[in-house]
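The values are calculated or read from the model by the stated rules, or taken from the named source; none is laboratory data. Bear in mind that the values here come from a model prediction, so they are computed numbers and not experimental data. For neighbour counting, all protein chains shown are included, and Cβ atoms are generated from backbone atoms with ideal geometry for every residue, glycine included. Just so you know, the surface numbers come from the protein's heavy atoms only, side chains and all, with ligands and any DNA or RNA stripped out. Shrake-Rupley method; radii C 1.70, N 1.55, O 1.52, S 1.80 Å.
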Amino acid sequence: MIDRAFNLPAEIWQWLWLFIVSFTGGVVGFITKISPTLKGRSFRAKFLALCMGMVNSMFIAYISYEILMSIIDKQGLAVALAGMAAFTGTDLLIIMQNKIIELIKRKIDAL
């Protein structure tokens, strides 16, 4: 419905939805994970942490979106999963990094 109201190309809507979902996921992730650790800090420190968290979340969402679009080729599902990636943020990347390091260490030890 709203797509027809503004008469924008489908690709622009795709990027707009990704921006909205990743921004929302980043804000929710900031409020639930980072905000409690910033108690007693200045407003400037909180604002900078929010900005860095948002940029990080949106980047992770974009990378996730591109990977998912190449695998499943369904925009709605890819945007939703990218929003989840924005919410989980770097926690998911750190877990994946540790698993990959463990796998490499096991391979090296097996040699």
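Couple of notes before you dig in:
- Entry comment: accessible area of the chain is 75 Å² per residue, from protein heavy atoms only and a probe of 1.4 Å.
- Length gained when the stretch residue 108-residue 7 is fully extended (0.36 nm per residue, less Cα-Cα span): 30.7 nm
- Here the relative contact order of region 59-99, from alpha carbon pairs under 8 Å that lie six or more residues apart, stands at 44 percent.
- Cβ charges +1 (Lys, Arg) and -1 (Asp, Glu), total dipole of the chain, debye: 560
- Measuring nothing but how far apart in sequence close Cα pairs (under 8 Å, 6+ apart) lie, relative to its length, the chain scores a relative contact order of 33 percent.
- A DSSP coil position with no more than 13 other Cβ atoms inside 10 Å describes the following trypsin sites (Lys or Arg not before Pro) in region 39-110: 39, 41, 74.
- Surface composition of the chain: carbon and sulfur make up 70 percent of the accessible area, probe 1.4 Å.
- GNM top mover of 27, 55, 79 - the chain, alpha-carbon springs below 10 Å: 55
- Karplus-derived 3J(HN,Hα) values for region 25-36, using 6.51 cos²θ - 1.76 cosθ + 1.60 with θ = phi - 60°, are x, x, 5, 5, x, 5, 5, 7, 10, 8, 4, x Hz; glycine and proline are entered as x.
- Take residue 23: with every protein chain present and a 1.4 Å probe, its accessible area is about 90 Å².
- Each residue of region 11-16 was assigned a 3J(HN,Hα) from its phi angle through the Karplus expression (A = 6.51, B = -1.76, C = 1.60, θ = phi - 60°), giving 5, 5, 4, 4, 5, 5 Hz with x at Gly and Pro.
- FRET efficiency estimate (nearest 0.05) - Cβ-Cβ, residue 49 to residue 23, R0 22 angstrom: 0.90
- Residue-by-residue Karplus 3J(HN,Hα) for region 48-63, coefficients 6.51, -1.76, 1.60, Hz, glycine and proline x: 5, 5, 5, 4, 5, x, 5, 4, 4, 5, 5, 5, 4, 5, 5, 4
- The chain: calculated mean residue ellipticity at 222 nm from DSSP helix runs of at least 4, using -39500 (n - 2.57): -27000 deg cm²/dmol
- For residue 99, the lysines whose Cα falls under 24 Å of its own Cα, not counting residues fewer than eight places away in the same chain, are 33, 107.
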